[in-house]
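Below you'll find the structure, written out as structure tokens, and then a few comments.
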Amino acid sequence: MKTKYIFAAFLMLLGLVSCDKFLDTMPDNRAEVNSASKIRALLASGYPTNTYLTFNEYMSDNVDNMGDDNPGTSRYMDQIYSWQDVTETSNDSPKNFWSESYLCIAHANQALDAIYNLTGTSSINDAAAIAAAGYGAEFGEALLIRAYNHFMLVNEFCLNYNSETSDKDLGIPYM
């Protein structure tokens, strides 16, 4: 019976012990973007590594179909060439280009959030205050990265603007 009380007292004392130092550390290697150099490092990953050039070339008139026995072809190339739904993936496939572009947009948005937090601003309308705080170059680059990637996604995956059907033509998700 006495051991139950000792054990209960030990558990109560254990519950009062603080583990702040353990909980204050990040559980993974996540970076905290809290300086201009870290924002610049984040923006360096804001440029896509997958391009649209390969699948645009296969969809153009610059490619010939040499037949099924051609050893230099693949199922991916045949699907792109024939304008079929692409089920195969390649390093520069439409799916990878889409994903990479939105990853770059996410990096730019994270850099913008860090700039807003560090400068005490809340929107793009505070550009003068952001520049005065010394984050003008990073702010401009983040906006440029985001705009460029949205522009490329619209050019690759959306219909041209038509005033008669613009209310029905879907665009891309704006992040």
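The values are calculated or read from the model by the stated rules, or taken from the named source; none is laboratory data. None of the values given here were measured: they were computed from a predicted structure. Counting neighbours? That spans all protein chains shown, and the Cβs are built from the backbone with ideal geometry, glycine included.
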**Message:** Need the failing condition index for SER90 against (1) touching a residue at least 24 places away in the same chain (Cβ under 8 Å); (2) small (Gly, Ala, Ser); (3) part of a helix (DSSP H, G or I), just the number.
**Reply:** (3)
**Asked** From the set of residues in segment 146-175 that are within 18 Å of the chain's Cα centre (by Cα) and surrounded by fewer than 10 Cβ atoms within 10 Å (Cβ to Cβ), which is nearest to PHE55 (Cα to Cα)?
**Response** PRO173
**Request:** Of the numbered conditions (1) free of Cβ contacts under 8 Å to residues at least 40 places away in the same chain; (2) surrounded by 11 or more Cβ atoms within 10 Å (Cβ to Cβ); (3) not aliphatic (A, V, I, L, M), TYR135 fails exactly one; give the number of that condition.
**Result:** (1)
**Of the criteria (1) in a helix (DSSP H, G or I); (2) without any contact (Cβ under 8 Å) to a residue 12 or more places away in the chain; (3) within 23 Å of LEU42 (Cβ to Cβ); (4) not aliphatic (A, V, I, L, M), which one TYR102 fails** = (2)
**Request:** Working carefully through the options TYR148, TYR161, find the one that is at pLDDT 90 or above and either on the phi < 0 side of the Ramachandran plot or touching a Phe, Trp or Tyr at 6+ places or on another chain (Cβ under 9 Å) (or both).
**Result:** TYR148
**Item:** Output for segment 68-122, where each listed residue is among the acidic types (Asp, Glu) and either under 30 Å from GLY134 (Cβ atoms) or crowded, with 17+ Cβ neighbours inside 10 Å (or both)
**Value:** ASP92, GLU100, ASP113
**Request:** May I ask you to say which residue of PHE157, PHE139, PHE151 is touching a Pro at 6+ places or on another chain (Cβ under 8 Å) and hydrophobic (A, V, I, L, M, F, W, C)?
**Result:** PHE157
**Complete:** Filter segment 15-58 for residues that are among the β-branched types (Val, Ile, Thr) and either at pLDDT 80 or above or not in a loop (DSSP other than H, G, I, E, B) (or both); the one that is surrounded by the fewest Cβ atoms within 10 Å (Cβ to Cβ) is THR49
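Of the residues ASN65, ASN125, which single one is surrounded by fewer than 17 Cβ atoms within 10 Å (Cβ to Cβ), modelled with pLDDT under 90, polar (S, T, N, Q) and not in a loop (DSSP other than H, G, I, E, B)? Give the derivation first.
On the way: ASN65 fails: not in a loop (DSSP other than H, G, I, E, B).
After ruling out the rest, the residue left standing is ASN125.
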